[in-house]
Amino acid sequence: MTISDERSTEVSGPVSGHPHNTRKLSWTQRPGLLSQNLLTAIVFGVIGYLIGHWFGNYLASGYSYIANSGQNSIANTLALAFGVVGWLGGIGALNYPFAKLFGVDGLEEESPVDNWSKYFRYSLDHKIVGLQYVVGVLLFMFTGGLLAMAIRTELLNPTTHIFSPDVYIKIVSEHGTIMMMMATSIIVGPLGNYFVPLMIGARRMAFPRIEALSFWIFTAGYMVIFSALPYGGFPTGWTGYAPLQTQAGPGMVSYLLGFAVIGLGMILAGFNQAVTIINYRAPGMTWSRVPVFVWSILATAALLTLATPVLFAGGLFGLLDKTVQTAFYVDEHGGSSYLWQNLFWFFGHPEVYIMALPGFGIAGELLPVFCRRPLFAYKVSAAGMIGVALLSFFVWQHHLFQSGINPDMRPLFMLTTELISIPTGFIYLVGMGTLYRAKIRFELPMLFVLALFFNFLIGGVTGVFLSDVPVNVTVHGGFFVLSHFHYTIMGGLLFAFMAGLYYWLPKMTGKMMNKKIGKVHFWLMFVFFNLTFFPMFIIGLLGQPRRVFTYATNLQGLNDFSSISAFILGFSFLVFFFNLVYSMWIKPEVAPANPWESLGLEWQTATPVPSYNFERIPVIMTEPYRYSEEGAPAFADFGPKDAPDSPTHTMA
Amino acid sequence: MSNSAIQSGQPSLSNEEREYEMRALISSIWTGGRLFIGIYTFMLASLVFSYFYLRSSDTGLLWRPDHVTAPRAFGFLIFGLSLVTGLLAYVGRKRLVMGSFQDFSVAAWSGVVTGLIALLLQIIELSHLSFYPGSSGYASTFIGFAVMNIVSLVISAYWLETTVARGMRIRREVEGENPEFSSNPRARAFRADVAAMSYFQVFLTLAGALLFAMFYLM
Amino acid sequence: MTNKSTNSTGQVHHLRRMAVVWVIASIIGDILFSIFVAPHVPPGRLTETAAKDQTDFNILFEMALPVLFGVWIYLSYALYFWGDKRNSDVAFSGDAARSNMKTQVSWMVITSVTVLFLAGFGTWALVVDHGSGGGQGPNPAFTPSGSLKAETAALLGKATWSPGSKNILPVQVIGQQWKFTYRYPTFGGFESSQLYLPADTTIAFNVTSLDVIHSFWAYQLGVKADANPQVNDVAFTTTKDPGSFIVRCSELCGIWHGAMYNNGAVLSQSAFENWATTTEAANAANTALLPAFAWTYVPDANGAAGGYYPDGTLTPYSPSEVYGSKQPS
């Protein structure tokens, strides 16, 4: 990845002498069989996979340790890696980097092919990438959710087993890994990419090619991590702890490479978002006028860009252990299994906040709209997010309280961990302050935001229990911690994602989501989320460790309660998917231009949003969220319809 | 932006608005270059952390039995060549700022060549090691270092090559324009790119010096 | 959350109402909790460690309850009274709605004080309770007095324990896929698959693993320590009365992780001594075949798993020479 301008910089067409008719169509725009799209990506991906597999075997099958084990991780790794490269080449992501070698710069930024097929191509339009991400993360989430159903089915009975322990542990590991990967992108990907430029009044992303690349890497990562199952799965859970990682079979390669690939996508996505937010804010949008959602994406982007490289390196070292037999994590050969734990959690804890901050952002963004009043303590909310982001780099060893390293550091990490609840508390101050004497509209997005505050409170308070070392002795590694992070990630982030979808889908698609079905979805999801996970706190306290296929028989009642609730929780997602299909295709209802009467910039432009977002660059006049204020100036000035020096502002 | 020529149906902007977006573009390149250094620092820092972690824990007294060291001759050569690459990128940019595209071009192409030779040597070095990858902690981290160095050298050469090729194309295509002075947007973006590139090359050289010292001298 | 105040007297009214409900609810909640729930909170009171962990949990919970109630009462109040159908006032607006220094500062002060208190309290509990039963690695930082002496004696085969001696009893826990075994250095280093402990004794668990990472979780003892290969992870607890407990692995260690558990018991001191000496004698032949007692055991690099490199010259040392008698730092 190199930095260069990724965009058209021509001052104007007539001056630089590129008449319309000589413009070359790029490969991603050509019609029919000549074009590059999802199909070519699949074909190239498969070809890449086969070549990589052959090459790996050619390189390494002569080594005795490979011949003796009958397991060639080099072939697996190269197959998957070449498959990813083939996938990216097939979709057209590598055309430009290749063309750059011949001095081509980002001038000919492609406008999307304007028909349905644009959603299956390498598109540089951030709105299309956003919609592609919506489908991508929903696919990810659906896969992970099905695996969760399988886990709860197995746990219905402590003695009668649906799956063998072998299959069960693969399911658990795959569920955790897929969900964690999905959750890092679930808001930054779809809603961040779609709405950040709209909310800051930008007509484009800073690096649209990097943005598109991040999406196609994300999809490649999905396939790589999924390839673990045909490879025989991996037994380590999403944390991939080392001696087990070293011991595991070829599925482990998919885990390590999958995290490295997804990590690359995360870095690129965060990179693009951070640069866009810093540089492309419309005139007048000072840092005290940036919408809270944008603040949260900026804080998340900081974590994505700085924490994820550590995961990438950790995964690379793991792959080297697997392929060329280095010993980074092998104690017997001079490595250390603690090294993985440190690298993993140095990434892993900021990762947790990558999955929390965008949810706070959505909550802060939606509350004023549905409370019809200004956001309370705007600056505190921004400070809270930045504070969480900063502190999250200094807490990773609280995952290792019982691991036997650095006992003398425990008070320190207990302190830093508990300090994080101060900036997190800011978010509650902002939320509760904004509810104060509001006129609350109980629309669907608002219900999800309120549920987030309810759920995250339980998640956050139990986090304090976990950070207390004496209590941690009992709750570490059990269902208590499992329930805790489901409360924060699912109860926080996923509810925020749903709030965001119900809120912004009318803008993205021009169609309203059905309110009645939506309410059924909300109440099922909210009630049965709590009924699923709250018993798990008790299960954990009563001594059930994580990732077990069997448990003490006296816990069967609670486990069954939790399982049955989980099935209904799973059903609530089917209701959501039904609502999606129903409202978008079966019985679409045209959305008003601004259904929630929001003052946000994203609602001020046309629906569907034109590829250039705004006809003129808006000028921001005042603070955001000045609801219910008589005589407050409009948030943005869009200028006169016809600028003086551009006589025709729409050209054919 | 340029819009009308390139994206049909897009409204034109006033000159003031175009300049606003142009500046956003230039500062994006600046910010992006710095942020990329941040990303890269954290990746290299993971290696440095691993090195010192394994070194200090010395599991099973197997950090570095007999003080094995990768072939020093290769090390000096590779580091020397990447030092030259970094210097050439730095000097090339200085010359470009002073108005000599010719000098920049020569420096950059030489930098590409030295970078590629370093890359080749780094790969060859891997077949001349006196230890197995998993024989010690040092050996493992050295392999990690070699792989990251290969990545660094590829990025370094690619970025140098693409900027200089781009500059040459601008000279060719935008008639009567010198990329070193022109106010043509393509030339302005090109200069910003060169600045970010040389900054990154200097960073790589400094980081490379630290890693070189860690793996070959310490 | 209760000290939110605004300029206008009409609004303080809301907060006063909430505060009253909050105080009553919190007091009732805490009282009910401490009477009906607190005594039964895991991990119980079988050891002093467990009892202290339970107390810590209860104190945290009694502090958490008002926080939960505060937010819940506020949310319920807001949703009930400030819904747009019921609330006939105009929504709060203007500068006072955007920020209120007094509220913000007091919120920050209250949360900071709470958090710092919790951190200080946690640290205090950790120190006085000798690590609270958590694994502290080979060089524990929070130790009961005499632990180093006892551990050194154990390694040299000179440790003694007898009823009434008040000595610390070192016990080694060895995790492997997928079972725990226990060695008693005080009794000739015999290895048993049953964990029996004497009552009223401070135990030093020395936890290690032969393969992957396990976690020794003696639930009712309030002990949890990761079993890492080549690491001696030390955790302390002091037993009280006899009773039984369950041991589970709480770190994912492969396919049969879920089945990696067994039961143990705290016996009276004389019963324990009786069991230990009998087992020592019965197992003597087996003990002679075991590796010499050490804190960690490294499987030979050319052992069951096979060496990485077949040519032999670069195969690492035979680890028992290195580890036979000394503890890696």
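What the table below lists for this structure:
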{"item": "For B:186-193, mean number of other protein chain Cβ atoms within 10 Å", "result": "4"}
{"item": "B:PHE215, A:PHE578 arranged by Cβ crowding within 10 Å, fewest neighbours leading", "result": "A:PHE578, B:PHE215"}
{"item": "Approximate spin-label separation C:GLU273-B:HIS67, in nm, with each point projected 7 Å along Cα-to-Cβ", "result": "5.6"}
{"item": "Axial C-alpha extent at least 24 Å, average Kyte-Doolittle at least -1.0 - helices from chain A (DSSP)", "result": "A:38-60, A:73-91, A:126-154, A:165-185, A:208-226, A:251-279, A:292-323, A:337-354, A:444-467, A:515-541, A:556-581"}
{"item": "C-alpha long axis of helix C:101-128 to longest principal axis of chain C, angle in °", "result": "20"}
{"item": "Degrees between helix B:72-97 axis and first principal axis of chain B (Cα, 0 to 90, nearest 10)", "result": "20"}
{"item": "Estimated FRET transfer efficiency when R0 is 41 angstrom, pair A:PHE102-B:ALA45 (beta carbons, to 0.05)", "result": "0.75"}
{"item": "Theoretical FRET efficiency, 1/(1+(r/R0)^6), r = Cβ-Cβ of A:LEU34 and B:SER127, R0 56 Å, to 0.05", "result": "0.85"}
{"item": "Ordering of C:184-190, B:123-129, B:147-153 by packing [mean C-beta count within 10 Å, highest first]", "result": "C:184-190, B:147-153, B:123-129"}
{"item": "Relative contact order (%) - the range A:229-320, alpha-carbon pairs under 8 angstrom, separation at least six", "result": "37"}
{"item": "Three-way shape label, the range A:123-586, alpha-carbon gyration tensor, a/c 1.5", "result": "rounded"}
{"item": "For A:LYS511, distant residues with modelled amide H under 5 Å away", "result": "A:ALA591"}
{"item": "Qualifying aspartates and glutamates (Cα of each under 14 Å from Cα of A:LYS118; at least 8 residues distant if same chain)", "result": "A:GLU110"}
{"item": "Choice from B:SER110, B:SER12, B:SER130 with maximal GNM fluctuation in chain B (Cα, 10 Å cutoff)", "result": "B:SER12"}
{"item": "Once the Cα gyration tensor of the range B:74-218 is diagonalised, semi-axes √(5λ) in Å", "result": "35, 12, 11"}
{"item": "Mean residue ellipticity (222 nm) of chain A, computed from DSSP H runs ≥ 4 via -39,500 (n - 2.57), nearest 500", "result": "-19500 deg cm²/dmol"}
{"item": "Max mean-square fluctuation residue, GNM over chain C, Cα-Cα springs under 10 Å, options C:GLN104, C:GLN177, C:GLN136", "result": "C:GLN104"}
{"item": "Burial order of peptide ranges B:154-166, A:610-622 (average beta-carbon count within 10 Å, highest first)", "result": "B:154-166, A:610-622"}
{"item": "By average C-beta atoms within 10 angstrom, highest first, the peptides A:435-442, A:581-588, A:328-335, C:119-126", "result": "A:328-335, A:435-442, C:119-126, A:581-588"}
{"item": "Sequence-distant residues sharing a close amide H with A:ARG30 (under 5 Å, placed H)", "result": "A:GLN36"}
{"item": "Computed log₁₀ I(q)/I(0) - Debye formula, equal Cα scatterers, no solvent, chain C, q 0.09, 0.15 Å⁻¹", "result": "-0.63, -1.18"}
{"item": "Pairs from A:LYS515/C:LYS85; A:LYS379/C:LYS85; A:LYS379/A:LYS519; A:LYS507/C:LYS102; C:LYS52/C:LYS149 whose Cα-Cα separation, in the structure shown, is over 28 Å", "result": "A:LYS379/C:LYS85; A:LYS379/A:LYS519; A:LYS507/C:LYS102"}
{"item": "Amide H within-cut-off set for A:GLY478, under 5 Å, with H built and near neighbours excluded", "result": "A:ARG546"}
{"item": "Trypsin sites (Lys or Arg not before Pro) restricted to DSSP loop in the range C:16-88 with at most 13 other C-beta within 10 Å", "result": "C:LYS85, C:ARG86"}
{"item": "Tail fraction, Cα-Cα pairs, the range A:30-105, threshold 21 Å, whole percent", "result": "43"}
{"item": "Sum of side-chain charges, A:LEU38 neighbourhood, beta-carbon under 12 Å (Lys, Arg +1; Asp, Glu -1)", "result": "+2"}
{"item": "10 Å Cβ neighbours from other chains, averaged over peptide A:244-250", "result": "3"}
{"item": "Shape call, the protein assembly as shown: gyration tensor on alpha carbons, a/c limit 1.5", "result": "oblate"}
{"item": "Around A:VAL167: net Lys/Arg minus Asp/Glu count, Cβ-Cβ under 12 Å", "result": "-2"}
{"item": "Gyration tensor verdict on the range B:132-218 (Cα atoms; rounded if a/c is under 1.5, prolate if a/b is larger than b/c, oblate otherwise)", "result": "prolate"}
{"item": "Relative contact order for chain C, counting Cα pairs under 8 Å that sit 6 or more residues apart, in percent", "result": "16"}
{"item": "Residue-count net charge about A:TYR329 - beta-carbon cut-off 11 Å; Lys, Arg +1, Asp, Glu -1", "result": "-2"}
{"item": "Helical mean residue ellipticity (222 nm; -39500 (n - 2.57) per DSSP H run of 4+; nearest 500) of chain B", "result": "-26500 deg cm²/dmol"}
{"item": "Cβ-based exposure ranking for A:LYS511, A:LYS127, C:LYS166, in which fewest neighbours within 10 Å come first", "result": "C:LYS166, A:LYS511, A:LYS127"}
{"item": "Value of relative contact order over the range A:123-586, rounded to a whole percent, pairs C-alpha under 8 Å and six or more apart", "result": "15"}
{"item": "The range A:116-270: equivalent-ellipsoid semi-axes (sqrt of 5 x gyration tensor eigenvalues, Cα, Å)", "result": "33, 16, 12"}
{"item": "Shielding by other protein chains, B:125-137, mean Cβ within 10 Å", "result": "5"}
{"item": "Degrees between helix C:48-81 axis and first principal axis of chain C (Cα, 0 to 90, nearest 10)", "result": "30"}
{"item": "Most mobile listed residue (C:VAL173, C:VAL223, C:VAL113) in chain C, GNM with C-alpha springs under 10 Å", "result": "C:VAL113"}
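Where a number appears in this text, it was derived from the coordinates with a stated rule and is not lab data. Note that the structure is a prediction, hence the values are computed from the model and not measured. With ideal geometry, Cβ positions are generated from the backbone for all residues, glycine too; neighbour counts draw on all protein chains shown.
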